[in-house]
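The values are calculated or read from the model by the stated rules, or taken from the named source; none is laboratory data. Computed from a prediction, not measured in an experiment: that's the story for all the values here. Cβ atoms come from the backbone with ideal geometry, glycine included; neighbour counts cover every protein chain shown. Calculation scope for accessible area: heavy atoms of the full protein, side chains included, ligands and nucleic acids excluded. Shrake-Rupley method; radii C 1.70, N 1.55, O 1.52, S 1.80 Å.
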Amino acid sequence: MSQTLLSTANYKGTRDFYPEDMKIRNWMFSVMRSVVQRFGYLEYDGPILEYFELYKAKSGEEIEKQLYNFYDKGNRHVAIRPEMTPTLARMVAAKLRELPKPIRWFSIPNLWRYEAPGHGRLREHWQLNVDLFGINAWTAELEIIQIACEILFAFGASPEDFRVTFSSRKILNQFLKNSLNLNQKNEHDVAKLLDKKNKISKEEFETQIIPLLPNKQKDLDLLYKFLSSSINNISDIHGITKEVLEEVQTFYKAIQSLGLDRTVFFDPSIIRGFDYYTGFIFEIFDTNPINKRSLYGGGRYDNLVGLFSNEQISGIGFGLGDVTLLNFLQTHKLIPSFQSQKGVFLGFLGESTYFPALSIASQIRQAGILCETNLESNLKFGKLIQQAERKNYRYMLILGENEMQNKKVILKDLSNGTQTEFHQNEIIEKLKSLEL
Ligand code: HAM
């Protein structure tokens, strides 16, 4: 009886990372790491499984709908992390007193959301999280935006390739409350609808929003005026306090001083889905319209640590997703070719050369150079070359019986076929000069 074969397809919305994909992923993570570490951020990590209630309090309805959650064998209600911020807030709260301030931390977790997969959206993605706790001032906002931009510059992007938009939750809240005179319930519902605005048609948006507005069309006109305000005329909108206006204006002046105003723009229409944001919010998009999903999303959250501790500490940070970042890097042709394999392939011919070849390979590795060998001693010369070529090595060392007897070795450059012979004592020196 023949056995039914299992499918090799992976689970919907996830990716398999073959070695060539891992090369790109590792490269992406190492660029991210090197930038944030240069700003003094320390790496942390947490569990992939958390108590369900961690996401109930502040993440918002959308995330709750997307949670992968289940009861474990001890009947505990658990969820796979859909985002890192609640875990981070929990970890910071647990050691708040002993942590030196300001706290600058980063992590690159994989996250799970039950979404309809599409371009830039999957069910499992990796997300660089960079967060700063303990400074509730525009200087922290500026550092976070600077890091976000520096990461893209480190990948080789130019300021025209992406667009940072920022606003403040306080502006939105004050507008809804003071200008439209909404009660708390309608304020919340209008904010949710605004967050969905770009995903639904204009008619659908208006049909849903008008019943929530006390003065119907008049309020809708006001709302459109608010949404299209710039940094220069946002002060014309009634109901926003001088203090809050000053906050965004001071931040924007600092952006201008850094010369980032070609890239960073005020946009009151950004909302951010999470309920925990309390002040500054921002998103970053590719300027190429092929990639519509945000690269980054982030903001300030004042009350998240307070869920776990009587002491409050304000946090600010962002998430940068690997799916949208990869699309961005591909679109702007910023992925280097990882074509040639670093290091050297050491091929030995004949059984008697096996142990001498192993000893040469060890010496090469001890010198910090990658060295891969064949494992069959009966390979013909042509097959040996083919093995090294298919693995994309540029350089190959060859040890046949003749070379072994004369304490020699052959170095072959597979890119042009040239070869040289030299004494085995010189191997390390020669390889080092090739900068493998
Ligand atoms: P978020 O806006 O949900 O924020 O996600 C941040 C970024 O992660 C998005 O801009 C996108 O690049 C990526 N992302 C999110 N969901 C998916 C998905 N299903 N597939 C692919 N990429 C995705 C947060 O998660 C906040 N916790 C970020 C934060 C950190 N705020 C403060 N600190």
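Looking at (1) under 22 Å from Ser337 (Cα atoms); (2) outside any helix (DSSP H, G or I), which one does Asn378 not meet, given that it meets all the others?
(1)
Return the pairs, sorted by first residue and then second, in which the second residue is part of a helix (DSSP H, G or I), the first residue lies in the stretch 134-150 and is within 23 Å of Glu98 (Cα to Cα), the beta carbons are less than 7 Å apart, and the residues are 6+ apart or on different chains.
none
Cβ-Cβ below 8 Å, separation at least six or inter-chain, first residue in the stretch 282-301 and closer than 17 Å to Thr331 by Cα, second within 6 Å of the ligand (Cβ to nearest atom) and aromatic (Phe, Trp, Tyr): which pairs?
Ile284/Tyr296; Tyr296/Phe318
Are there any strands (runs of 3 or more DSSP E) wholly within the stretch 276-352 with 1 or more residues that are closer than 30 Å to Lys407 by Cβ, and if so which?
Ranges flagged: 341-348.
Tell me, please, whether a residue that is under 25 Å from His188 (Cα atoms), more than 16 Å from the ligand (Cβ to nearest atom) and more than 18 Å from the chain's Cα centre (by Cα) can be found in the stretch 287-301.
no
Return the residue satisfying two criteria in turn: it lies in the stretch 199-228 and is more than 37 Å from the chain's Cα centre (by Cα) and among the hydrophobic types (A, V, I, L, M, F, W, C), and of such residues it is most open to solvent (accessible area, probe 1.4 Å).
Ile210
Let's see how each residue does on (1) more than 20 Å from Phe175 (Cα to Cα); (2) open to solvent by less than 40 Å² (accessible area, probe 1.4 Å); (3) in the same structural domain as Trp105 (by TED's automatic domain parsing):
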residue: Asp267; (1), (2), (3): no, yes, yes
residue: Ile271; (1), (2), (3): no, yes, yes
residue: Gly279; (1), (2), (3): no, yes, yes
residue: Ile284; (1), (2), (3): yes, yes, yes
residue: Lys292; (1), (2), (3): yes, no, yes
residue: Tyr296; (1), (2), (3): yes, yes, yes
residue: Val305; (1), (2), (3): yes, yes, yes
residue: Asn310; (1), (2), (3): yes, no, yes
residue: Leu320; (1), (2), (3): yes, yes, yes
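What residue, of Leu397, Leu436, is in a loop (DSSP other than H, G, I, E, B) and either touching a residue at least 40 places away in the same chain (Cβ under 8 Å) or closer than 12 Å to Leu346 by Cβ (or both)?
So the residue among Leu397, Leu436 that is in a loop (DSSP other than H, G, I, E, B) and either touching a residue at least 40 places away in the same chain (Cβ under 8 Å) or closer than 12 Å to Leu346 by Cβ (or both) is Leu436.
In the stretch 51-76, which residues are touching a Leu at 6+ places or on another chain (Cβ under 7 Å), open to solvent by 50 Å² or more (accessible area, probe 1.4 Å) and within 13 Å of the ligand (Cβ to nearest atom)?
Lys58
Looking only at the stretch 342-365, count how many residues are touching a helix residue (DSSP H, G or I) at 6+ places or on another chain (Cβ under 9 Å) and at negative phi.
Final tally of qualifying residues: 13.
Would you point out the residue of the stretch 1-25, among those that are polar (S, T, N, Q) and surrounded by fewer than 13 Cβ atoms within 10 Å (Cβ to Cβ), that is nearest to the chain's Cα centre (by Cα)?
Ranking the candidates gives Asn10 first.
Please work out if Ile48 is surrounded by fewer than 17 Cβ atoms within 10 Å (Cβ to Cβ) and β-branched (Val, Ile, Thr).
Taking the combined requirement at face value, the residue satisfies it.
Could you run through the stretch 104-130 and say how many residues are crowded, with 21+ Cβ neighbours inside 10 Å and more than 11 Å from the ligand (Cβ to nearest atom)?
Matching residues across the stretch 104-130 total 1.
Considering each residue of the stretch 26-45, count those that are touching a strand residue (DSSP E or B) at 6+ places or on another chain (Cβ under 6 Å), surrounded by 15 or more Cβ atoms within 10 Å (Cβ to Cβ) and over 13 Å from Leu329 (Cβ atoms), and give that number.
3
Looking at Lys170, Lys177, Lys196, which is the one that is surrounded by 14 or more Cβ atoms within 10 Å (Cβ to Cβ) and farther than 28 Å from Ala89 by Cα?
Lys177
Within the stretch 370-384, does at least one residue satisfy the condition of being under 34 Å from the mean Cα position of the chain (by Cα) and of a type in the set (A, V, I, L, M)?
Scanning the stretch 370-384, I find at least one residue that is under 34 Å from the mean Cα position of the chain (by Cα) and of a type in the set (A, V, I, L, M), so the answer is yes.
Out of the residues in the stretch 242-277 that are touching a helix residue (DSSP H, G or I) at 6+ places or on another chain (Cβ under 6 Å) and polar (S, T, N, Q), which is farthest from the ligand (Cβ to nearest atom)?
Thr250
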